[in-house]
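The values are calculated or read from the model by the stated rules, or taken from the named source; none is laboratory data. What you see is a predicted model; the values in this text were computed from it and never measured. Using ideal geometry, Cβ is built from the backbone for each residue, glycine included, and neighbour counts are taken over all protein chains shown.
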């Protein structure tokens, strides 16, 4: 079998890469090791309206659980800072359905999609990757291609096989409950809760999905107890969250910033595989899809030149860093500032911020505000 490009992993990064490649006329195979695209879920499911519109994603009510209009930020002692918008500026998605639709969009664009198909190795010749070894239902076979895209998550196997440094040294452990019967103050507002007793070196979130259903989760670093234990404590301490847990997810998010190098001869990494996740918020949906479209455009140019060398693919590395690199480095800086703040200082900051009326502010703007705070 032969294709121009094989994309490994059918999450948002892989699906968007495959879709855009197909739209640009590149012969692409998209594989997913699981039997179904979109499961299992490991995500808070929140993203921005601006990002979805920018990327031209066709909206479907099936994968939009709720539209949101801003955030409440709670300091350790419960001081609330309101940052609201007059118009919807966020979505809480049904990621299982959203990812499935991204896969459908890729297939309709002309990408070949195979599920329950696992990458087991790369085919190399003369210092370059020229194909991939796959396994489907116990049968192994080889596919020749001119480039392999690793969209296979943190510590990417594709990246490791290609000799790229994808080892992750800083991780946040996350746990999340989907709760039915979560009676929130405002079903249209995201909540973020900070404090060393709530989520050491992290934060807790409450993302309303509508109809008294919410994703309630948190992430912790270097803690004595697990994220799940902290989550149980957080939920049990709030009467409005005493509903039925209808879903549990857990996982880890890299927070050390992007990989130093995301390409090699015949190989390119995208999404979590390149650590393009925001190290402050842990959000990665928009970044993954944005970088997927950039990857596809560079790969089309490489196909036209019949050159998939590292030198050519470094254009992808340059473009995606120009697009989101500054934001990632700023978030990394802000994360370091927040982690050094005491609970008392966070309370004082929240009280000071209450004096301002934040209107139509994007959650990304909050980072700029925090970065300008004096040290604790």
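Of the listed requirements (1) surrounded by 23 or more Cβ atoms within 10 Å (Cβ to Cβ); (2) without any contact (Cβ under 8 Å) to a residue 40 or more places away in the chain; (3) more than 22 Å from the chain's Cα centre (by Cα), residue 233 misses just one: (1).
There is at least one residue in region 115-123 that is outside the structural domain of residue 350 (by TED's automatic domain parsing) and touching a helix residue (DSSP H, G or I) at 6+ places or on another chain (Cβ under 6 Å).
If you go through region 6-27 and keep only what is at negative phi, surrounded by 24 or more Cβ atoms within 10 Å (Cβ to Cβ) and outside any helix (DSSP H, G or I), you end up with 6, 7, 8, 10, 11. Scanning region 133-150 for residues that are buried (at least 22 other Cβ atoms within 10 Å of the Cβ) and not in a strand (DSSP E or B) gives 145, 146.
Yes or no: region 91-99 includes at least one residue that is assigned to a helix (DSSP H, G or I) and closer than 18 Å to residue 217 by Cα. Yes, because at least one residue in region 91-99 is assigned to a helix (DSSP H, G or I) and closer than 18 Å to residue 217 by Cα. Quick check on region 292-311: of everything there that is part of a helix (DSSP H, G or I) and touching a strand residue (DSSP E or B) at 6+ places or on another chain (Cβ under 9 Å), which residue is farthest from residue 93 (Cα to Cα)? Per the stated criteria, the residue is 310. Can you confirm whether residue 135 is out of contact with any helix residue (DSSP H, G or I) (no Cβ under 6 Å at 6 or more places or on another chain) and either farther than 20 Å from residue 1 by Cβ or in the same structural domain as residue 355 (by TED's automatic domain parsing) (or both)? The answer is no for residue 135.
In this structure, is residue 75 surrounded by 19 or more Cβ atoms within 10 Å (Cβ to Cβ), closer than 24 Å to residue 350 by Cα, modelled with pLDDT under 90 and not assigned by TED's automatic domain parsing to the domain that holds residue 10? For residue 75, the condition - surrounded by 19 or more Cβ atoms within 10 Å (Cβ to Cβ), closer than 24 Å to residue 350 by Cα, modelled with pLDDT under 90 and not assigned by TED's automatic domain parsing to the domain that holds residue 10 - is not met. Only residues that are farther than 23 Å from residue 163 by Cβ and assigned to a helix (DSSP H, G or I): list them for region 268-287, please. Correct list: 285, 286, 287.
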